[in-house]
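See below for the structure under consideration.
The values are calculated or read from the model by the stated rules, or taken from the named source; none is laboratory data. These figures come from a predicted structure and were not determined experimentally. As a convention, Cβ positions derive from the backbone with ideal geometry for all residues, glycine included, and neighbour counts pool all protein chains shown.
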Amino acid sequence: MRYALNLPIGGPAADPRRLGELAALAENAGWDAVFLEDYIVYQNRQDVPTFDPWVALAAMALATSRVRLGTMVTAPARRRPWKLAREAVTLDHLSGGRLILGVGLGDPTDFTFAAFGEETGLAARATMTDEALDVLAGLWTGEPFGFEGRHYRFDEVTFLPPPVQRPRIPIWIGGGFPNLGPMRRAARWDGAWLYRVAAPGETEDTGGVLTPDELRELRRLVEVGRPHGAPFDLVAHGPRRGCDLEAECERIRASAEAGATWIGDWIPPGDPEVMRAAVAGGPMRIA
């Protein structure tokens with residue numbers, strides 16, 4: 001089991017220098033990965049300072065030597081995939097092969113898609129995302145690659161250098177469980193970090209946390225059709241703040257038994273010193 005930290009890209013502790021310091025602190029505190037959210041305007045809050053995750057990740061790469069780094073999640077539907085391919089491979093080299101690219105369709109409530117003339121329909125965003133991922137994987141081979149799709153098309157071009165990681169940079173899928181789209185997309189790639197979608201009429205507040213049984217079902221579904229033994233990372237949510245820690249520890253242990261390979265914890269934006277203390281406390285490890 002490995003332990004990932006997800007940090008906000010908006011708020012008083014989200015500037016690249018501060019995030020570089022938090023990443024170095026996380027590495028020293030025993031975290032195995034540090035991810036950044038990816039927003040144009042942080043959670044629709046125009047009064048909150050928002051920074052670019054890719055510039056911040058570069059600062060974090062230079063401040064660390066061991067932890068994996070990545071986004072959770074980037075929406076390829078509002079990025080040119082060849083530009084994203086170049087940014088990702090540059091960061092992979094800068095970090096010495098430590099990048100994980102987390103992708104999703106983008107928050108349906110994010111007003112910036114409409115505000116900047118981006119695609120707002122989730123069905124269209126889904127096909128754009130799938131095409132963009134194929135473009136990324138093709139360009140990262142370092143071999144001549146062309147593409148002809150519904151949304152993207154170009155003649156053969158060679159992207160050099162290829163990523164440090166081979167055969168390519170790992171791609172993890174974010175989205176809602178039990179929606180079929182994210183699960184099918186995850187099965188094509190390298191990992192999943194999904195949140196639980198509340199059922200109609202459901203009142204219990206689980207904070208989007210998948211149960212061990214749901215994690216087991218998710219792993220079963222994504223393994224269908226995958227090559228036998230092909231590695232796949234499944235992220236379970238870390239301890240919910242303010243809950244019974246003993247019960248949370250048992251849930252995490254059961255999540256590992258259900259097939260989770262990572263525990264992912266989110267530090268919400270707020271007082272920088274409070275955030276710093278949460279990072280320095282390290283992950284809640286299980287035996």
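Give the residue, chosen from Thr127, Thr141, Thr112, Thr120, that is among the polar types (S, T, N, Q) and touching a helix residue (DSSP H, G or I) at 6+ places or on another chain (Cβ under 6 Å). Please lay out each step first, then the result.
Working: Thr127 fails: touching a helix residue (DSSP H, G or I) at 6+ places or on another chain (Cβ under 6 Å); Thr141 fails: touching a helix residue (DSSP H, G or I) at 6+ places or on another chain (Cβ under 6 Å); Thr112 fails: touching a helix residue (DSSP H, G or I) at 6+ places or on another chain (Cβ under 6 Å).
The match here is Thr120.
Scan the range 67-100 for residues that are crowded, with 17+ Cβ neighbours inside 10 Å and β-branched (Val, Ile, Thr) and jot them down.
Val67, Thr71, Val73, Thr74, Val89, Ile100
Tell me, please, whether a residue that is in contact (Cβ under 8 Å) with a residue 24 or more places away in the chain, aromatic (Phe, Trp, Tyr), closer than 21 Å to Gly102 by Cα and not in a strand (DSSP E or B) can be found in the range 190-197.
Filtering the range 190-197 for residues in contact (Cβ under 8 Å) with a residue 24 or more places away in the chain gives 190-195.
Of the ones still in play, those that are also aromatic (Phe, Trp, Tyr) are 193, 195.
Of the ones still in play, those that are also closer than 21 Å to Gly102 by Cα are 193, 195.
Within this subset, residues satisfying the condition of being not in a strand (DSSP E or B) are none.
No, the range 190-197 has no match at all.
Suppose we filter Ala14, Ala23, Ala75, Ala61 for residues that are touching a Pro at 6+ places or on another chain (Cβ under 9 Å), at negative phi and among the small types (Gly, Ala, Ser); which single one remains?
Ala14
What tally of residues in the range 26-57 results from selecting those that are closer than 19 Å to Leu99 by Cα, assigned to a helix (DSSP H, G or I) and either more than 16 Å from the chain's Cα centre (by Cα) or of a type in the set (Val, Ile, Thr) (or both)?
4
Does the range 239-253 contain at least one residue that is surrounded by 12 or more Cβ atoms within 10 Å (Cβ to Cβ), under 20 Å from the mean Cα position of the chain (by Cα), at pLDDT 95 or above and not aliphatic (A, V, I, L, M)?
no
Report whether or not Met183 is crowded, with 20+ Cβ neighbours inside 10 Å, over 16 Å from the mean Cα position of the chain (by Cα) and either farther than 22 Å from Thr261 by Cβ or not aromatic (Phe, Trp, Tyr) (or both).
No.
Restricting the range 220-260 to residues that are in contact with a Phe, Trp or Tyr (Cβ under 8 Å, 6 or more places away or on another chain) and outside any helix (DSSP H, G or I), which is farthest from Ala33 (Cα to Cα)?
Across the range 220-260, the extreme among qualifying residues is Arg226.
Among the numbered criteria (1) crowded, with 18+ Cβ neighbours inside 10 Å; (2) farther than 21 Å from Pro170 by Cα; (3) out of contact with any Phe, Trp or Tyr (no Cβ under 6 Å at 6 or more places or on another chain); (4) not charged (D, E, K, R), which one does Thr64 miss?
(2)
Scan the helices (runs of 4 or more DSSP H) fully inside the range 68-173 and keep the ones with 2 or more residues being closer than 24 Å to Leu19 by Cα.
Result: 81-94.
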